[in-house]
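Before any comments, here is the structure.
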Amino acid sequence: MTTLDPPYLHPEYRSTVLRSPGKALVMPPAGMTELTGPKFGAGDVRDTDADLTMHGNGEPIGERIIVHGRVTDSQGRPLRASLIELWQANSAGRYIHQGDQHPAPLDPNFVGAGRVLTDDDGHYRFVTVKPGPYPWRNHDNAWRPAHIHFSLFGRAFTQRLVTQMYFPGDPLFYQDPIFNAIRDEKARQRLVSAYDHSATRAEWATGYRFDIVLGGADATPMED
Ligand SMILES: [Fe+2]
């Protein structure tokens, strides 16, 4: 955990009060198994996994978007052939999950999960629909800003990093304790994607760019 990451305990984010550890964490030493693999590779991922709109019998409802970016380390070096997984609510703000029963529709053509490997330049690209905001009972009338959850793997699957990508200009940022748990304003803004007209496809999808930096002063904040 870096100083940029949200703290384990952030009382405004109610469930951290119960789940945050009361004692300092003990990190076991990393051995061969932790550092050398196994690792996910090209054989584990299909091309269609990167298009979340392709897994039903028809098109999902919503604003089709292309989300892309580069994953680099603290020195700006690309993270190659690295597995990125994402999951998100549908365009109505509903997850296919037993825990999400709020009265917004499920979409039979949208599961809300995808994965892709970064290329030689550390670049990734997903096609999906823009997720809606959803209520989450953290505080009175609490709504999460629209977001996409990202998971990344480092050199082995024991090195997993999780974060959330947001959308520019979201009116719900101010009341979201997860977003605001990242105290450093600049670090927080690194979780907000940029509208990217160069990534759009005419008459088909708009585009957003979300670059991810692992470690260093410009690191993308991660959840533990
Ligand atoms: Fe979420």
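Specify the residue that is farthest from Ile84 (Cα to Cα); the eligible residues are those in the stretch 129-185 that are of a type in the set (Val, Ile, Thr) and in contact with a Phe, Trp or Tyr (Cβ under 6 Å, 6 or more places away or on another chain). Top of the filtered list is Ile178.
In the stretch 145-154, is there at least one residue being surrounded by fewer than 17 Cβ atoms within 10 Å (Cβ to Cβ) and closer than 30 Å to Gly122 by Cβ? Yes - at least one qualifying residue is present in the stretch 145-154. Just so you know, in the stretch 127-160 the residues that are closer than 27 Å to Leu214 by Cβ and basic (Lys, Arg) include one that is nearest to the ligand (Cβ to nearest atom), and it is Arg144.
Let's see how each residue does on (1) within 17 Å of Arg70 (Cβ to Cβ); (2) in contact (Cβ under 8 Å) with a residue 12 or more places away in the chain:
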| residue | (1), (2) |
| --- | --- |
| Gly112 | no, yes |
| Val129 | no, yes |
| Phe153 | yes, yes |
| Thr163 | yes, yes |
| Tyr166 | no, yes |
| Lys186 | no, no |
| Ala202 | no, no |
| Asp211 | yes, yes |
| Met222 | yes, yes |
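Within the stretch 161-175, which residues are assigned to a strand (DSSP E or B) and more than 16 Å from the ligand (Cβ to nearest atom)?
Once the filter is applied, which keeps residues that are assigned to a strand (DSSP E or B) and more than 16 Å from the ligand (Cβ to nearest atom), the stretch 161-175 yields only Leu161.
Residues of the stretch 136-155 that are touching a strand residue (DSSP E or B) at 6+ places or on another chain (Cβ under 6 Å) and part of a loop (DSSP other than H, G, I, E, B): Trp136, Pro145.
Within the option set Gln189, Gln159, being farther than 19 Å from Val116 by Cα and not aromatic (Phe, Trp, Tyr) holds for one residue only, Gln189.
Checking the stated criteria, Gly62 turns out not to satisfy the condition of being within 16 Å of Phe153 (Cβ to Cβ), touching a residue at least 60 places away in the same chain (Cβ under 8 Å), among the small types (Gly, Ala, Ser) and buried (at least 17 other Cβ atoms within 10 Å of the Cβ).
Residues that are among the basic types (Lys, Arg) and within 16 Å of the ligand (Cβ to nearest atom): list the strands (runs of 3 or more DSSP E) wholly contained in the stretch 54-125 that include at least 1 such residues.
Values: elements: 64-73, 83-87, 113-117.
By residue number, no strands (runs of 3 or more DSSP E) qualify.
Here, each number is a calculation from the coordinates, and none is a lab measurement. Treat the numbers as computed from the prediction; the structure is a model and nothing was measured. Using ideal geometry, Cβ is built from the backbone for each residue, glycine included, and neighbour counts are taken over all protein chains shown.
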